[in-house]
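Peer 1: The structure is given below, and queries will be raised subsequently.
None of the figures in this text is laboratory data; all of them are computed from the coordinates on show. Keep in mind that this is a model prediction, so the values were computed, not measured. Cβ coordinates were reconstructed from backbone atoms using ideal geometry, including for glycine residues, and neighbour counts include every protein chain displayed.
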Amino acid sequence: MKSAEIPDNEQLRLAKLHSYHILDTLPEKEYNDIVQLIAAICKTPIADISLVDENRQWFKAQVGLKDQQTSRDIAFCAHTILGRDMLIIEDAAKDQRFADNPLVLQNPNIRFYAGMPLITPEGYAIGSLCAIDTKPRVLSQEQKDALKVLAGYVVNLLELRLRDRKLAERNTELERINNLKDRLISIIAHDIKAPLNQFDAIVRLIEMDALDEQERQESFSDLRAIANSTTTMLENLLQWASRLISSDSIKIRDILFYSFLQKVTAEIQSSIGQKKNTIEFDFAEDCKISSDPDILHFVLRNLIVNANKFTSNGTITIGCKKTASETRISVCDTGIGFDTKQIVLFDPERKQSSLGTSGEKGSGLGLIFCNDFIEKLGGQICYDSQPSKGSTFTIILPENDISGEPT
């Protein structure tokens with residue numbers, strides 16, 4: 001027995017076959033009808049649609065066969081895909097390539113084989129449409145023509161399947177973007193409009209000269225605080241929206257966590273110092289984790305800013321613990337804490353915002369954005385808090401096995 005050679009374009013051929021997502025699917029009437037029609041036209045007891053995978057041939061539809069697949073090493077169709085023309089074996093027992101093939105010597109006892117390669121629009125032969133008999137025979141020209149035409153129809157079905165799948169994926173993506181748009185509109189309508197209205201009301205009072213000097217100075221401070229909080233909200237909103245809109249934006253890298261966190265905390269060191277808080281790292285300097293640097297930067301910055309907001313003259317500790325399956329990053333503060341039974345986080349419909357220890361305002365959106373990002377990474381954020389004892393937020397990330405230059 002001579003096994004078929006591997007096509008020169010094998011990897012591209014397999015990629016195209018797999019793109020159809022057809023292997024190991026349930027029977028479908030359209031394909032079953034084709035093999036029944038071929039068996040009737042060619043007057044053979046066996047007909048099948050064979051798809052040649054890396055190590056096997058799998059039958060999408062068949063008549064007269066019991067097995068759903070066979071090894072590629074003994075598959076007649078593995079020879080068929082080496083060419084573009086029909087392969088006809090009038091008597092396998094007299095063909096040196098197949099005479100001692102188990103499919104000839106044993107069930108299904110193949111003697112006659114006719115296979116028309118299934119050639120995709122790109123030119124890849126992914127399988128064949130076959131007519132098989134247990135005795136030698138010859139096909140008429142009309143039977144050969146029918147085999148060619150119906151093989152083309154099988155490819156058309158596969159291409160239609162691929163287009164339908166891509167259309168469904170696009171529809172899913174459009175639905176996701178549409179839902180994101182609705183969330184953005186909701187945020188703009190409520191969380192951005194409110195501070196702008198407040199800003200406008202203060203400006204009107206100043207324009208009307210309705211405030212004394214002390215009230216004017218306090219109003220300017222309020223305006224500055226509103227502008228700062230709104231700017232932060234918009235920056236978070238833009239980062240969140242741009243990353244969620246892009247479905248292929250995840251870029252996992254090795255991260256040297258100590259130096260990475262130093263950069264994050266340096267950006268907000270001024271506000272941390274103003275509240276007389278200190279930052280501590282509770283992990284080894286050579287700690288290395290795998291994640292998306294941009295997303296992790298966004299999330300940790302927001303969690304540390306949030307801890308600083310509710311802490312004065314205290315400590316914010318960032319920890320990191322790794323196991324074989326996950327990485328846990330914690331942001332723990334000694335601030336005012338909150339009652340977890342009364343305050344619900346991460347729910348856009350029930351978002352709440354409290355004043356910080358220095359009267360800082362917020363929208364409650366930062367944590368929601370953080371949660372969305374971590375879920376995009378396949379992880380989750382957990383939290384624990386007690387009034388007057390502080391809070392701990394823990395990021396749980398699945399371990400990623402990658403190699404590359406550390407960030």
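Peer 1: Take the chain, connect every pair of alpha-carbon atoms lying under 10 Å apart with a spring to form a Gaussian network, then pick out the residue of GLY378, GLY366, GLY335 with the largest mean-square fluctuation.
Peer 2: Result for the chain, Cα springs under 10 Å: GLY378 fluctuates most.
Peer 1: Can you check what the net charge comes to around GLY390, using other residues whose Cβ is under 12 Å from the Cβ of GLY390 (Lys, Arg +1; Asp, Glu -1)? Kindly include the intermediate steps, with their values, before the conclusion.
Peer 2: Values: positive: LYS389; negative: ASP333, ASP384.
That sum, taken over residues with Cβ under 12 Å, equals -1.
Peer 1: Kindly express, to the nearest 10 degrees and within the range 0 to 90, the angle between helix 29-42's C-alpha long axis and the longest C-alpha principal axis of the chain.
Peer 2: 10 degrees
Peer 1: Moving on. Please give the calculated 222 nm ellipticity per residue for the chain, where each DSSP H segment of at least 4 residues contributes -39500 (n - 2.57) and the sum is spread over every residue; nearest 500 deg cm²/dmol? Mind showing how you got there, number by number?
Peer 2: Numbers: 11 runs with 173 residues, N = 407.
Result for the chain: -14000 deg cm²/dmol, rounded to the nearest 500.
Peer 1: Okay, next question. How big is the shadow of the Cα convex hull of the chain, averaged over all directions, in nm²?
Peer 2: Details: hull surface 113.9 nm².
Average of the hull's projected areas for the chain equals 28.5 nm².
Peer 1: Here is a further query. So what's the angle, to the nearest 10 degrees on a 0 to 90 scale, between helix 365-376 and the longest Cα principal axis of the chain?
Peer 2: Orientation of helix 365-376: about 20 degrees from the principal axis.
Peer 1: Between segment 277-293 and segment 54-69, how many Å separate their Cα centres?
Peer 2: 54 Å
Peer 1: Arranged by the count of other C-beta atoms within 10 angstrom, fewest first, what order do TYR258, TYR31 take? Spell out each step's value before the answer.
Peer 2: Details: TYR258 16, TYR31 22.
Lowest count first: TYR258, TYR31.
Peer 1: Continuing with this model, one more query. Nearest 10 degrees is fine. How inclined is helix 10-19 to the longest principal axis of the chain, computing both from alpha carbons?
Peer 2: Between helix and principal axis, roughly 70 degrees.
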